[in-house]
Amino acid sequence: MRRTLAALAAIALTACAPADPASPPASVAPPSGSADALPVPDVVGMEHQRAQDTLQAAGFFHLAEEDATGQGRLLVSDRNWVVVSQDPPAGAVVPASDRILLRSKKKTDP
């Protein structure tokens, strides 16, 4: 039991030891494929939440949204909104890190 505790303590202390100042810091790599160019799915006409889910499944995570009516409302409940336009448009091939803007209106808007 004491040997096990001593071994665990040695491992813990080794893991907490400061890095060698002569070695460069480890860099954090972006997720695999994040810089790849991907085709943008067509989400116009979809419920806003489903559109976001579709874009994320396609590899796009930098999503923005705005009220397409110009009233500046916040999309608080995404399931009450429908996408009326997207930028970049469907089919465009862009880096996965690019921002995708969804313009939506409430389902009750004319």
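Is it the case that ASP78 is modelled with pLDDT under 95 and surrounded by 14 or more Cβ atoms within 10 Å (Cβ to Cβ)?
Spelling it out, ASP78 is indeed modelled with pLDDT under 95 and surrounded by 14 or more Cβ atoms within 10 Å (Cβ to Cβ).
Which residue, of ALA90, ALA19, ALA35, ALA7, is within 30 Å of SER104 (Cα to Cα) and modelled with pLDDT under 95?
ALA35
Out of everything in the range 44-87 that is of a type in the set (Ser, Thr, Tyr) and over 13 Å from the mean Cα position of the chain (by Cα), what residue ends up being nearest to PRO110 (Cα to Cα)?
Here the residue is THR69.
Going through the range 56-87 one residue at a time, which ones are of a type in the set (Val, Ile, Thr) and in a loop (DSSP other than H, G, I, E, B)?
Selection gives THR69, VAL76.
Here's a check for you: in the range 81-110, which residue that is in contact with a Phe, Trp or Tyr (Cβ under 8 Å, 6 or more places away or on another chain) and more than 17 Å from GLY45 (Cβ to Cβ) is surrounded by the fewest Cβ atoms within 10 Å (Cβ to Cβ)?
ASP98
If you go through the range 88-110, how many residues are under 18 Å from the mean Cα position of the chain (by Cα) and either assigned to a loop (DSSP other than H, G, I, E, B) or among the basic types (Lys, Arg) (or both)?
Total satisfying the criteria: 6.
Quick one: what pairs do we get from the range 34-61, first residue free of Cβ contacts under 8 Å to residues at least 60 places away in the same chain and surrounded by 14 or more Cβ atoms within 10 Å (Cβ to Cβ), second assigned to a helix (DSSP H, G or I) and aliphatic (A, V, I, L, M), C-beta under 7 Å, 6+ apart or different chains?
Taking only residues 6 or more apart or on different chains, the pairs are PRO41/LEU55; VAL43/ALA51; VAL43/LEU55.
The values are calculated or read from the model by the stated rules, or taken from the named source; none is laboratory data. For clarity, every value in this text was computed on a predicted model and none was experimentally measured. No Cβ is skipped: glycine too gets one built from the backbone with ideal geometry, and neighbour counts run over all protein chains shown.
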